[in-house]
1. If the viscosity is 1.306 mPa s and the temperature 10 °C, what Stokes-Einstein diffusion coefficient in µm²/s follows for segment 73-131 when Rh is the Kirkwood radius over Cα pairs?
2. Between 0 and 90 degrees, rounded to the nearest ten: what's the tilt of helix 34-48 against the longest Cα principal axis of the chain?
3. Working out 0.36 nm times the residue gap between Met83 and Ala121, then minus their Cα-Cα distance, what length gain in nm do you get to one decimal?
4. P(r) tail for the chain, what percent of Cα pairs lie past 24 Å?
5. For labels at Arg129 and Asp97 in the simple 7 Å Cα→Cβ model, what's the distance in nm?
6. At a Förster distance of 30 Å, what's the computed FRET efficiency of Lys6 paired with Phe30, Cβ-Cβ distance as r, to 0.05?
7. Per the helix-only calculation at 222 nm, which mean residue ellipticity applies to the chain, given -39500 (n - 2.57) for every DSSP H run of n ≥ 4 and division by its residues, nearest 500 deg cm²/dmol?
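Each value in this text was obtained by applying a stated rule to the coordinates, not by laboratory testing. Keep in mind that what you see is a predicted model, and the values were worked out from it rather than measured. Here the Cβ positions follow ideal geometry from the backbone for every residue, glycine too, while neighbour counts run over all protein chains shown.
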Amino acid sequence: MGEADKSEKITINVGLVDLGQIDLLVDEGFFANRTDFIRTAIRRQLDDRSGAVDRTVARRELTLGSEHYSRHDLEALRNAGRMVEVRVLGLASIAEDVSLELALATIARVEVLGAFRAPQAVKTALASRTS
């Protein structure tokens, strides 16, 4: 997976005074650009609350990082008469060659905090199972 695939673009609204202060810090060389400032601020907040994140990941039984389901993985589940709950903090992905029928037969629930990448038909079919 390429580096661009490991991140998601978000949009935020920032007050003008806050934005001015960010620009001042960038101009003074504390940060390379606005994005560098925002990423640094986010990382600091996540570091400060890492214990809470760790406890919540354990309590909610989430996979931390990424999880990918191929057509082969889901066919094996279907053949075994089993279903899976996709529970991920990070990136969950379903292969492009997975049909909506196969997804419905094998995926009981989807809970993704982060990004969920799957064929649009599969996402639509799983919408009622997604929290």
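1. On the way: Rh = 11.4 Å.
Taking Rh from Cα pairs, D becomes 140 µm²/s.
2. The answer is roughly 70 degrees.
3. Values: separation 38, 0.36 × 38 = 13.68 nm, distance 1.90 nm.
That pair, Met83 and Ala121, stretches by 11.8 nm at full extension.
4. Numbers: 3874 of 8515 pairs.
Of all Cα-Cα distances in the chain, 45 percent exceed 24 Å.
5. 2.1
6. Details: r = 26 Å, r/R0 = 0.86.
The calculated FRET efficiency here is 0.70.
7. Numbers: 6 runs with 59 residues, N = 131.
Taking each H run of at least 4 residues, the total per residue is -13000 deg cm²/dmol.
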